[in-house]
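Some notes on the structure that comes next.
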Amino acid sequence: MTGIILYGAGNIFSLTAALERLGIPYGFINSQEDFEKFDRYIIPGVGHAGAAMDKLEKTGLVPAIKALKKPTLGICVGMQLLTSYSEEGDSDLLNIFPIKTLRFQDSSEYKVPHTGWNQVYPEKDNPLFKNIPSGSHFYFVHSYFIEYDKTYTLLSANYNTEFSASIWHDNFYGVQFHPEKSGVYGETLLTNFSKL
Amino acid sequence: MLSKRIIPCLDVKDGRTVKGVNFVDLRDAGDPVELAWNYSRQGADELVFLDITATVERRKTMVELVKAVARQINIPFTIGGGINEIADADALLNAGADKISINSAAVRNPALIDELARAFGVQFVVIAVDTRRIDAKNIVHLNGGRLPTERQTLEWIKEAESRGAGEILLTSMDHDGTKNGFDNGLLKTVNDAVHIPVIASGGAGAVQHFVDVFEKTNVDAALAASVFHYGEILIPDLKAVLKSNNIEVRI
């Protein structure tokens, strides 16, 4: 069963609705004791990365999250929290991935937020992307991105720079896009995660 | 590459779609959820629901609609219509809306944009602008284009961007309903002047109009209602033509 870590950063109705459509059982994590009830975890998040980190720290769950050994998926800002630092609010983050979250340079050619469907390309083999072709479109909406990194980038995407659409290190995964809003392939990804 | 988005717009009143809908394979053409599901299957990239419910129960009916859509639909959607305060936006966010669109309330109280962006992030805040030409000037209108304001369209859009709008939905009331094509001149001016995404609206009547709006203005998305509802343009056909014109689309 998937445990969704609750810390007050954004609405999770669409995520739980997607899990229900897919028949993926889930529950919620509010305290440290809740972790052992689940065999995998999702860290959701929308909004401001610095504010989200403050909220996460207030829950007292940070040490337990850093020590997780089971599959853990950060979505959008939930993924950015896994990195060491964000330019958004000049914030220090969980540092599970020693890479940074930076702001897109905006222009009339490259609008920010980066909003809409963009293609993603696997940089490594991983069961999270089973049955999802290279170049598939996923739905993004974000102003900050995780830099491309040879070691940690699992999926790359291009806007005005190449960036990490997904990252992977041991049991930790992150996706910048919203799988719950990314059509059939997004649903495939959530199903794949439930089987890791 | 980031795709250009195709967005059907559904008008909803008291939880039911209004305006004629002509899908032969729908069990219930008035059910916004079934219609939305149908569009998502056809390849719509996003949906906009414009709620024109005018009763005191409007927030409740909007929240019910948003929840029903979020339960069933796997693409993003925006809800607009009569959103006046933070509490409206908060209820819709928690019901599963990806974005809200604000029109009159933002013109009357521009600081609302700052408040919404601070509370929910710029990605949640779409500013809808209805514009009409008066004496060779583009003027912002309210009440579905009936009520002119004193604001000039480009100047208002730039103010909205600076206050925290995450996207602009620009409807030309001069073109809306004409089926003669989008207002490409104004759309290009606006698109070149801002650094946030722009959705073109008003005037779509043929597939070529979508090709034109993307080629001539480079807007991020194009919205239409009746050409999709009446089946005059099918989204898979539209996207095939866009792709054959080297316009990036999700197929």
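Among A:GLY135, A:SER164, A:GLY183, pick out the residue whose Cα is farthest towards the positive end of the charge dipole of region A:114-196, where Lys and Arg carry +1 and Asp and Glu carry -1 on C-beta, about the Cα centre. The one lying farthest along the dipole's positive direction is A:GLY183. Label-to-label distance, A:GLU162 versus A:ASP125, with points set 7 angstrom from Cα along the beta-carbon direction: 2.1 nm. A simple count of charges around B:LYS216, restricted to other residues whose Cβ falls under 11 Å of its Cβ and scoring Lys, Arg +1 and Asp, Glu -1, yields -2.
Counting only DSSP H runs of at least 4 residues, each contributing -39500 (n - 2.57), and dividing by the residue count of chain A, the helix-based mean residue ellipticity at 222 nm comes to -5500 deg cm²/dmol.
Extension gain for B:ASP192 to B:GLU232 (0.36 nm times residue separation, less C-alpha to C-alpha distance): 11.3 nm. Could you tell me whether region B:84-134 comes out rounded, prolate or oblate from its Cα gyration tensor? Rule is a ≥ b ≥ c as square roots of the eigenvalues, rounded for a/c under 1.5, then prolate if a/b exceeds b/c, otherwise oblate. Prolate. Shape class for region B:174-216, computed from the alpha carbon gyration tensor (a ≥ b ≥ c): prolate, with a/c not under 1.5 and a/b above b/c. Using only side-chain charges placed at the Cβ, +1 for Lys and Arg and -1 for Asp and Glu, the dipole size of the protein assembly as shown relative to its Cα centre rounds to 540 debye.
Would you work out the charge dipole size for region A:1-60 about its Cα centre, treating the Cβ of every Lys and Arg as +1 and the Cβ of every Asp and Glu as -1, and quote it to the nearest 20 debye?
On the way: 5 positive and 7 negative charges, 38 e Å.
Once rounded to the nearest 20, the dipole reads 180 debye.
Quick check: from the Cα gyration tensor, does the protein assembly as shown come out rounded (a/c under 1.5), prolate or oblate? Present the calculation step by step, with values, prior to reporting the outcome.
On the way: a/c = 1.59, a/b = 1.56, b/c = 1.02.
It comes out prolate by the Cα gyration axes.
Taking other residues whose beta carbon is less than 9 angstrom from the beta carbon of A:PHE13, and scoring Lys, Arg as +1 and Asp, Glu as -1, yields +2. In summary, the aspartates and glutamates within cross-link reach of A:LYS69, defined as a Cα separation below 17 angstrom excluding same-chain residues under 8 places away, comprise A:GLU33, A:ASP34, A:GLU36, A:ASP39, A:ASP170.
Comparing B:ARG133, B:ARG151, B:ARG71 in a Gaussian network model of chain B where C-alpha atoms under 10 Å apart are linked, the largest mean-square fluctuation is found at B:ARG71.
Taking every DSSP beta bridge that has both residues in region A:12-171, what percent is antiparallel when rounded to the nearest 5? Antiparallel bridges: around 75 percent, rounded to the nearest 5. The residues packed around A:GLU123, meaning those with a beta-carbon under 14 Å from its beta-carbon, carry a net charge of -2 if Lys and Arg are +1 and Asp and Glu are -1.
With R₀ fixed at 22 Å, the C-beta to C-beta distance from A:SER108 to B:ASP114 puts the FRET efficiency at about 0.45. Projecting the Cα atoms of B:ALA68, B:SER104, A:THR72 onto the dipole axis of the protein assembly as shown, where Lys and Arg carry +1 and Asp and Glu carry -1 at the beta carbon, places B:ALA68 farthest toward the positive end. From helices alone, chain B scores -11000 deg cm²/dmol at 222 nm; the rule is -39500 (n - 2.57) for each run of n ≥ 4 DSSP H residues, then divide by the residue total. Quick one: which of A:LYS70/A:LYS100; B:LYS67/B:LYS99; A:LYS150/A:LYS181; A:LYS37/A:LYS124 span more than 20 angstrom between C-alpha atoms? Going by Cα-Cα distance, A:LYS70/A:LYS100; A:LYS150/A:LYS181; A:LYS37/A:LYS124 fall outside the 20 Å limit.
Need one value for B:196-209: mean number of C-beta atoms belonging to other chains within 10 Å of its residues' C-beta atoms.
1
Computed from the C-beta positions of B:ASN246 and B:ASP135, the FRET efficiency with R₀ = 35 Å rounds to 0.35.
Values quoted throughout were computed directly from the atomic coordinates according to the rules given, and no laboratory measurement underlies them. The shown structure was predicted, so the numbers you read here are calculated from the model rather than taken from an experiment. In this analysis, Cβ positions are derived from the backbone assuming ideal geometry, glycine residues included, and neighbour counts consider all displayed protein chains.
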